[in-house]
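K.L.:
Dropping the structure in here first, questions after.
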Amino acid sequence: MHHEGEIDVYLGLDVGKGEHHGTALTPAGKKVFDKPLPNSEPRLRELFEKLQAKHGKMLVVVDQPASIGALPLAVARDAGCRVAYLPGLTMRRIADLYPGESKTDARDAAIIADAARSMPHTLRDLAPDAETVAELNMIAGFDDDLAGEVTRTKNRLRGLLTQIHPSLERVLGPRLDHPAVRFLLERYGSPAQLRKAGRRRLITMLRPKAPRMADRLVEDIFDALDEQTVVVPGTDAAALIVPSLAASLTAVLDQRRLLAARIEELLEAHPLSQVLTSVPGIGVRTAARILVDVDVDVDVDVDVGDGSGFATAGCLAAYAGLAPATRRSGSSIRGEHPARRGNKQLKRAFYLAAFASLSQPDSRAHYDRKRREGKHHVAALVCLARRRIDVLFAMLRDGTFYQPPKIATA
């Protein structure tokens, strides 16, 4: 990445929440700084300017470009330093080459600085696409939190409706994603309130929000209401809680919609976003998760991806927890199962993308073949997700768009 002649001092930072440990080396390997320093702009700026004044052009290298590594990188850029980062996976591999087994901030900072000095090919440029990934990381994390909140709120809402009126829950529970249903529950939180409102008023209220569904939905609601004549204890309390939960659900879904728009904007700024979204089933949220978790980088000279910090598609599948693991004990072999370890968020993203791709003939054919082999639905989808990782890895490595397999003709 960097040529030795361009840099006069290499500063490795093992970043932390309260303070970082910095180790600076000259091109000859002489240590010129080795101390902890607070995570504050004045102290960081003072160090960067002092080292550059004394030694010349400096390269600042961190092991985390986002979150706790964001401030030192921003200050370093502002102070006129070059910046780069050493991917965590590469860092762990390189650490095995150095003597000693202790895990200290000082040792890590020294390894980062020495890798920058002696193995510049291991570094990644913090180009604009890395800035994009840093922001995507923050927004995708918040979006994951909101997705969990959506699930919890829906479950609570469905649980309450099931408790007071199971027939009504069977009508409204599966439709909570529809704004018209949430709008209804915000205003009428109990079976009695729905009945009192009457068919005509409910249809009039729902038609602007659900023109094709309003009549059928109201008919289903009143059919459900007719199935239960008793009032279950707790119904009055539920009438207070249901509208509040419905309003909360709407607010969280609205937040997710805004985040999705911002994620889409950020993806457009990344050179590999179109490569990712060309794959059937990969939408903006899945593409963001892949860019964040797979640590995809771009070689600006040849305008293709490097396939990430993973040597093979199998390594990527193992990291995502989608590589099969054999259960064996002595002479007993209990078959292969998906690994229980791995990055759960990335695994979920690949799994959902595989599920969404079932409308494509080639994906459906692979899934159906696995079902015929005796695999259940989830196992067949995991096999499909694993197969798609091979395709995606090659696309990211070569910077090529998705090409559907050619169907052989007789």
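Taken together, the values in this text are just the output of simple stated rules run on the coordinates, not laboratory data. Note that the coordinates shown come from a computational prediction; the quantities given were computed from them, not determined experimentally. Quick reminder, even Gly has a Cβ in these numbers, built from the backbone with ideal geometry, and neighbours come from all protein chains shown.
K.L.:
Hey, can you grab everything whose amide H is under 5 Å from the amide H of Lys35? Only 5+ residues off in sequence or another chain; H modelled, so Pro and N-termini drop out.
P.N.:
Amide H neighbours of Lys35, under 5 Å, 5+ apart: Gly22.
K.L.:
Which residue, chosen from Phe33, Val75, Leu253, occupies the Cα position most advanced towards the positive end of the dipole of the chain, where the dipole is computed from +1 (Lys, Arg) and -1 (Asp, Glu) charges on Cβ about the Cα centre?
P.N.:
Leu253
K.L.:
Quote the convex hull volume per residue of region 169-293, based on C-alpha atoms, as a whole number of Å³. The partial results should precede the final answer.
P.N.:
Working: hull volume 17.8 nm³, N = 125.
Value for region 169-293: 142 Å³ per residue.
K.L.:
Along the charge dipole of the chain, Cβ charges K/R +1 and D/E -1, which of Gln274, Val230, His377 sits furthest on the positive end?
P.N.:
Val230
K.L.:
Take every Cα pair under 8 Å in the chain that's 6+ residues apart, average their separations, divide by the length, and report that relative contact order as a whole percent.
P.N.:
So the answer I get is 12 percent.
K.L.:
What FRET efficiency comes out for the pair Arg93/Arg195, r = Cβ-Cβ distance, R0 = 45 Å, nearest 0.05? Working shown, then result.
P.N.:
On the way: r = 67 Å, r/R0 = 1.48.
E(calc), rounded to 0.05, equals 0.10.
K.L.:
Using alpha carbons only, how many degrees (0 to 90, rounded to 10) separate the axis of helix 361-372 from the longest principal axis of the chain?
P.N.:
80
K.L.:
Also, quick follow-up: Under a point-charge model restricted to the Cβ atoms of Lys and Arg (+1) and Asp and Glu (-1), what is the dipole moment magnitude of region 340-394 relative to its Cα centre, in debye to the nearest 20? The partial results should precede the final answer.
P.N.:
Values: 14 positive and 4 negative charges, 64 e Å.
Using only the charged Cβ atoms, the result is roughly 300 debye.
K.L.:
What is the gain in length, in nm to one decimal, between Ala394 and Leu258 on full extension, counting 0.36 nm per residue of separation less the C-alpha to C-alpha distance?
P.N.:
Values: separation 136, 0.36 × 136 = 48.96 nm, distance 3.22 nm.
Difference between extended and current length: 45.7 nm.
K.L.:
Let me check I've understood the local charge: for Asp223, count other residues with C-beta under 14 angstrom from its C-beta, Lys and Arg +1, Asp and Glu -1. What total comes out?
P.N.:
On the way: positive: Arg170, Arg195, Arg199, Arg216; negative: Glu169, Asp215, Glu219, Asp220, Asp226, Glu227.
Counting the neighbours of Asp223, the net charge comes to -2.
K.L.:
Something else now. Tell me the angle of helix 214-226 to the major Cα principal axis of the chain, expressed in degrees between 0 and 90 and rounded to the nearest ten.
P.N.:
Taking Cα atoms only, the helix is inclined about 60 degrees.
K.L.:
Take the Cβ-Cβ distance between Glu268 and Glu19 as r, set R0 to 30 Å, and report the resulting FRET efficiency rounded to the nearest 0.05. Show your work: numbers first, answer last.
P.N.:
Details: r = 37 Å, r/R0 = 1.23.
That pair, Glu268 with Glu19, gives E of 0.20.
K.L.:
Give me the angle, in degrees from 0 to 90, between the Cα long axis of helix 128-164 and the longest principal axis of the Cα atoms of the chain, rounded to the nearest 10.
P.N.:
The two axes meet at around 30 degrees.
K.L.:
About its Cα centre, how strong a charge dipole does region 4-126 have in debye, to the nearest 20, once Lys and Arg get +1 and Asp and Glu get -1 at the Cβ? All intermediate terms of the calculation are to be shown ahead of the outcome.
P.N.:
Details: 17 positive and 17 negative charges, 19 e Å.
With only Lys, Arg, Asp and Glu charged at Cβ, the dipole is about 80 debye.
K.L.:
Cross-link partners among lysines for Lys347, C-alpha distance below 22 Å, same-chain residues fewer than 8 apart left out?
P.N.:
Lys370, Lys375
K.L.:
To the nearest 0.05, what FRET efficiency results for Asp145 and Val32 with a Förster distance of 41 Å applied to their C-beta separation?
P.N.:
Details: r = 43 Å, r/R0 = 1.04.
In this case the efficiency is close to 0.45.
K.L.:
A further question on this structure: For the charge dipole of the chain, defined by +1 on Lys and Arg C-beta atoms and -1 on Asp and Glu C-beta atoms about the Cα centroid, which residue among Ala134, Tyr351, Leu316 has the Cα displaced farthest towards the positive pole?
P.N.:
Checked the options; the winner is Tyr351.
K.L.:
For log10 I(q)/I(0) by the Debye sum over Cα atoms at q = 0.07, 0.09, 0.10, 0.13 Å⁻¹, which listed value, [x] -0.42, -0.64, -0.76, -1.08; [y] -0.34, -0.56, -0.69, -1.14; [z] -0.50, -0.75, -0.86, -1.12, comes from the coordinates shown?
P.N.:
The calculated read-out lines up with [z].
K.L.:
Using alpha-carbon positions, what is the distance between the centroids of region 69-98 and region 132-176, in Å?
P.N.:
Each part's Cα centre sits 38 Å from the other's.
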